[in-house]
Amino acid sequence: MGQDIRIRLAETRADFEAAVSLQRAVWGLLDLEITSAIQLIATTHAGGTLHLAEAADGSPLGFAYAFPALRGEPHLHSDLLAVLPEHRQRGLGGRLKWAQREEARRRGLNLITWTFDPLQARNAHLNLRRLGAVATEFLEDFYGVTSATLHHGLPTDRLLVSWHLDAPRVIELARGGEPSPTVPTPPHPRINEVKWEAGWPVSSEPRTDLQAPALLLEIPPDWDVLCGAGPRVAEDWHGKVRRALRTYFDRGYRASDFAPTEEAGRRRPLYVLTKV
């Protein structure tokens, strides 16, 4: 897969400018909210990393950027990961993250953190299932409302991921191992129930009284499509997922896995929340 695509560390000013251009192309950010080439150069010189994914002709397809962090043990915080839309579904996001892991371990670090939108099923699948990370904190409206088209004008709730690079599960996945079965067995209690109305998934109010060691929280299968075509339904989802995550993370639950299940021909993405 993608042997014509190379992942490498940024070296020249042109490499850092490529990361700026990719931010514009992927997220539609205003210049005020773009991480500049100057900032990228300064933080990578201070110990951060900028990995580029490029085609055989050298054209940039994506990048991953991390900076040194001191919240807790010294580690890298992976702040940006972007892949051009026409090159998604090729595993580039995963390859960029594994390259980050390799570089972090080479530097003697054992942890990488980052944040992601809990309503983006594709990101949850990569982060929790394919990489073996765990979401340890719920951060409400972390960035505020931004200019990014990706954020759809909604509050930027985020899950903070901790990726322990030498955890047994991560080591197995790094070796090419497969994640555990996608459907949790035995079935765990569900925080919400989802039905389809007029072609859209609609969530019940989340239950906030559950006490089981593991719980399931369902999210929409394609958040960006829902936001574009059904903004009121999306806003309702946003509030319900916020209430569920805030409640259970405050009680010591963590998102330890993601189960991309299917029922009756429909994708039913499920977070697996487990009590610490």
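Count, please, the residues in segment 242-269 that happen to be of a type in the set (A, V, I, L, M), more than 18 Å from D157 (Cβ to Cβ) and assigned to a strand (DSSP E or B). Break it down stepwise before answering.
Quick first cut of segment 242-269, residues of a type in the set (A, V, I, L, M) only: 244-245, 255, 259, 264.
Cutting the leftovers down to more than 18 Å from D157 (Cβ to Cβ) gives us 259, 264.
After this cut, where a residue has to be assigned to a strand (DSSP E or B) as well, the list is 259.
Total satisfying the criteria: 1.
State yes or no: is L160 within 22 Å of R268 (Cα to Cα) and either in a strand (DSSP E or B) or not basic (K, R) (or both)?
no
Suppose we filter T156, T146, T136, T208 for residues that are over 14 Å from the mean Cα position of the chain (by Cα), in the same structural domain as L22 (by TED's automatic domain parsing) and of a type in the set (S, T, Y); which single one remains?
T146
If L217 satisfies every condition in (1) under 18 Å from the mean Cα position of the chain (by Cα); (2) within 30 Å of R105 (Cβ to Cβ); (3) at pLDDT 95 or above but one, which is the exception?
Tallying (1) under 18 Å from the mean Cα position of the chain (by Cα); (2) within 30 Å of R105 (Cβ to Cβ); (3) at pLDDT 95 or above, L217 fails exactly one: (2).
For the condition farther than 22 Å from S21 by Cβ and surrounded by 17 or more Cβ atoms within 10 Å (Cβ to Cβ), what is the one hit in D157, D141?
D157
Please verify whether segment 119-130 includes one or more residues that are of a type in the set (D, E, K, R), over 19 Å from W27 (Cβ atoms) and in contact (Cβ under 8 Å) with a residue 24 or more places away in the chain.
Scanning segment 119-130, I find at least one residue that is of a type in the set (D, E, K, R), over 19 Å from W27 (Cβ atoms) and in contact (Cβ under 8 Å) with a residue 24 or more places away in the chain, so the answer is yes.
Between P186, P201, P118, P206, which is of a type outside the set (A, V, I, L, M), at pLDDT below 95 and assigned to a loop (DSSP other than H, G, I, E, B)?
Just a single option satisfies the conditions, and that option is P186.
For segment 7-41, which residues satisfy the criterion of being at pLDDT 90 or above, more than 22 Å from the chain's Cα centre (by Cα) and among the charged types (D, E, K, R)?
Correct list: E11, R13, D15, E17.
I'd like to check something: does segment 214-237 contain any residue that is surrounded by 13 or more Cβ atoms within 10 Å (Cβ to Cβ), closer than 22 Å to V276 by Cα and free of Cβ contacts under 8 Å to residues at least 40 places away in the same chain?
The answer is no, given that none of the residues of segment 214-237 is surrounded by 13 or more Cβ atoms within 10 Å (Cβ to Cβ), closer than 22 Å to V276 by Cα and free of Cβ contacts under 8 Å to residues at least 40 places away in the same chain.
Given the conditions (1) surrounded by 17 or more Cβ atoms within 10 Å (Cβ to Cβ); (2) more than 27 Å from G228 (Cβ to Cβ); (3) of a type outside the set (D, E), report the number of the one that N110 does not fulfil.
Here N110 clears every test but (1).
Would you confirm whether any residue within segment 1-18 is hydroxyl-bearing (S, T, Y) and closer than 23 Å to N123 by Cβ?
Checking segment 1-18: not a single residue is hydroxyl-bearing (S, T, Y) and closer than 23 Å to N123 by Cβ.
Quick check on E54: is it out of contact with any Ser or Thr (no Cβ under 6 Å at 6 or more places or on another chain) and either outside the structural domain of D117 (by TED's automatic domain parsing) or not β-branched (V, I, T) (or both)? Even if it seems obvious, please write down each step before you answer.
Values: out of contact with any Ser or Thr (no Cβ under 6 Å at 6 or more places or on another chain): yes; either outside the structural domain of D117 (by TED's automatic domain parsing) or not β-branched (V, I, T) (or both): yes.
Yes: the conditions hold for E54.
Which residues, counting only those in segment 42-53, are of a type in the set (A, V, I, L, M) and under 22 Å from the mean Cα position of the chain (by Cα)?
Of everything in segment 42-53, those that are of a type in the set (A, V, I, L, M) and under 22 Å from the mean Cα position of the chain (by Cα) turn out to be L50, L52, A53.
If S203 satisfies all but one of (1) closer than 25 Å to H152 by Cα; (2) crowded, with 16+ Cβ neighbours inside 10 Å; (3) in contact (Cβ under 8 Å) with a residue 40 or more places away in the chain; (4) not aromatic (F, W, Y), what's the number of the condition it fails?
With (1) closer than 25 Å to H152 by Cα; (2) crowded, with 16+ Cβ neighbours inside 10 Å; (3) in contact (Cβ under 8 Å) with a residue 40 or more places away in the chain; (4) not aromatic (F, W, Y) applied to S203, the lone miss is (3).
The values are calculated or read from the model by the stated rules, or taken from the named source; none is laboratory data. Treat the numbers as computed from the prediction; the structure is a model and nothing was measured. Every residue, glycine among them, receives a Cβ derived from its backbone with ideal geometry; neighbour counts consider all protein chains shown.
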